[in-house]
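Here is the structure we will look at, set down as structure tokens.
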Amino acid sequence: MSRRRHRQPEEHENHERWLVSYADFITLLFAFFVVMYSISSINEGKYKVLSETLVGVFNDQAKTTKPIPIGDDRPQTVTPAQPLVQDADQTEAAMGKSDALQTIADDVRNAFGDLISSNQLTVRGNELWIEIELKSGLLFGSGDAIPSDLAFTIVDKVAGILKPFDNPVHVEGFTDDQPIRTAQYPTNWELSSARAASIVRMLAIDGIAPQRMAAVGYGEFQPVDTNTTADGRGHNRRVVLVISRNLEVRRSLTGSGTSGATPDAALRRAGTQSATATTNPPAKSGAVKSPSPKP
């Protein structure tokens, strides 16, 4: 008997095999362009610096012929150095700063008469600095440094008064001795500093130059009243804006705080130092007559 040959089933022809080659081609093409882009990409900033340097070296004759100085290169002169500020200029600058402080104190009293009469705001000072003391309850919630709506109104008025002058300002934050232990404010140091910084930030938003300002937090360590009563603790929770005659006075006050500071001889000498000229400040005569801060 003859054997039957079994036919193998014909394989189905795949008409989509070209997609494999096409995908490989696209992948290689993409990789090629990525490599080309990475090679051609440069740091424009570094390229600009290098370009300017090379242009200066090859085109600027002064740079190529001027010798490299060794040691101090000081001009020789026989004329003695003149003082930058004469005594008369110092006296005039000091009087101008005193007039500015008087003007600021008067303007604050006129703008906040209602708060002053209710003992929520106090203005005091001397010929070297003035203080605008505000109860913390006016500005912040209990144990918080987020300004209230009233705080924005008050600070906006204060900023309008300070804008015409260039006197340095530092904001002091104080608390009572009640401990605070939160994630945001582990101690009263953080709370008092955050409150002072909030006021500084608000003043900057209202147009006061940041270079004039500083924020200081003293915690509970400079009380003005007893912490054994609720009323005394309320007096100790305060924010004080200190407007100084010049930067030297501000630095002296920042180190010690204004709670126990008095215009002694050292501070008076600092107050005679020159400062940058004011920008058209309104001038008034006289000195601030308010008593000095109580220790």
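The values are calculated or read from the model by the stated rules, or taken from the named source; none is laboratory data. Quick caveat: nothing in here was measured; it's all calculated off a predicted structure. Note: ideal-geometry Cβ built from the backbone for every residue, glycine included; neighbour counts use all protein chains shown.
Here are the numbers for this structure:
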{"item": "Where a residue in the stretch 201-224 is without any contact (Cβ under 8 Å) to a residue 24 or more places away in the chain and closer than 20 Å to Ile180 by Cα and its partner, wherever it lies, is assigned to a loop (DSSP other than H, G, I, E, B) and among the acidic types (Asp, Glu), with Cβ under 9 Å and at least six apart", "result": "Phe221/Asp177"}
{"item": "Selected residue (only one of Thr226, Thr278 is of a type outside the set (A, V, I, L, M), in contact with a helix residue (DSSP H, G or I) (Cβ under 8 Å, 6 or more places away or on another chain) and at pLDDT below 85)", "result": "Thr278"}
{"item": "Check on Gly219, surrounded by fewer than 22 Cβ atoms within 10 Å (Cβ to Cβ), of a type outside the set (S, T, N, Q) and more than 16 Å from Gly257 (Cβ to Cβ)", "result": "no"}
{"item": "Enumeration of residues in the stretch 109-141 that are hydroxyl-bearing (Ser, Thr, Tyr), surrounded by 17 or more Cβ atoms within 10 Å (Cβ to Cβ) and free of Cβ contacts under 8 Å to residues at least 60 places away in the same chain", "result": "Thr122"}
{"item": "Yes/no for Asp106 being acidic (Asp, Glu), assigned to a helix (DSSP H, G or I), surrounded by 14 or more Cβ atoms within 10 Å (Cβ to Cβ) and at pLDDT 90 or above", "result": "yes"}
{"item": "Check on Gln90, at pLDDT 50 or above, outside any loop (DSSP other than H, G, I, E, B) and not hydrophobic (A, V, I, L, M, F, W, C)", "result": "no"}
